[in-house]
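These notes are about the structure you will find just below.
Read the figures in this text as sums done on the coordinates, not as results from a lab. Everything quoted here is computed from the prediction, not taken from an experiment. Here Cβ is always computed from backbone atoms with ideal geometry, including for glycine, and neighbour counts include all displayed protein chains.
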Amino acid sequence: MKYGIRLSWNNGQENFEFPINPGEIELREGGNGKTYDVMGIGEINVIQNPQLPEYSFSGFFPNPGKRVSGRKNLIGGYVDHDPLVTSNTLMEPKIYIEYILNWMRSKRPIRFEFMGDSFNLNTPASIEKFDWKEVAGSGGDIEYSITLKKYEFYAAQKVKVDDKGTKKPEPARANDQLPPAIYTLKAGDSLWKVAKLLLGSGERWGEIQKLNGIANAQLKKLPIGMVLKIPQGAAAHA
């Protein structure tokens, strides 16, 4: 079975596979209990939901001009085989670094995929920490260490309450993709409908109004064909 680690962003619009697998991946999962002193009882421990797991690993991005991959080298075609390189494509180290730094700046989750022998992982994640350096004498290789944390999508939801108690809404399916930057109004559209369609909640219509400078008096007579700018904020749901 092939081992491999892949990171992707915006529903796979940008992605790469680590060219050389790390020696190990550290998974940290912990509880989230809190202790209190209660008069007459002493210390008690209140068990709460567990903390989100973290995934840490380190390795290096090889310099294609120094190492050979036996696969498609983006600098010079196909070359002899290097058993350390497992990805199908080998890029310059700075390209991997630019991907990761840009994804961190986007303030949006990535998708972390690990294919292994005993288990697999496929989860949204945030990049919590990323360190990298070029060591003298390494021939242009870049060493790195990275820590990811599982990401849980969330959004405010309405809850219906009846005589039998509170009903929990069905969780919305998470969508990693950014909403489009613009939207053209069609017949029957309103800002509430557009917010529901593109941002996952009609309650966010006010963000669209503010971004486009629409006065309250204009809300009921928005023209068909009007081009709206769409906020690129919290994750949408579909």
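Table for the structure above
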{"read-out": "Additional length obtainable on full extension of the chain from GLU29 to ASN49, 0.36 nm per residue less Cα span", "value": "6.1 nm"}
{"read-out": "Additional length obtainable on full extension of the chain from TYR154 to THR184, 0.36 nm per residue less Cα span", "value": "8.1 nm"}
{"read-out": "Cβ crowding within 10 Å averaged over residues, with 84-93, 49-58 ranked highest first", "value": "84-93, 49-58"}
{"read-out": "Cα-Cα over 26 Å, subset of LYS149/LYS229; LYS193/LYS229; LYS107/LYS196", "value": "LYS149/LYS229"}
{"read-out": "Length added when fully stretched, LYS229-ASN88, from 0.36 nm per residue minus Cα-Cα", "value": "46.9 nm"}
{"read-out": "Nitroxide proxy distance, nm - points 7 Å out along Cα→Cβ at SER58 and ASN212", "value": "5.1"}
{"read-out": "Mean projected area (nm²) of the alpha-carbon convex hull when segment 178-238 is viewed from all directions", "value": "3.8"}
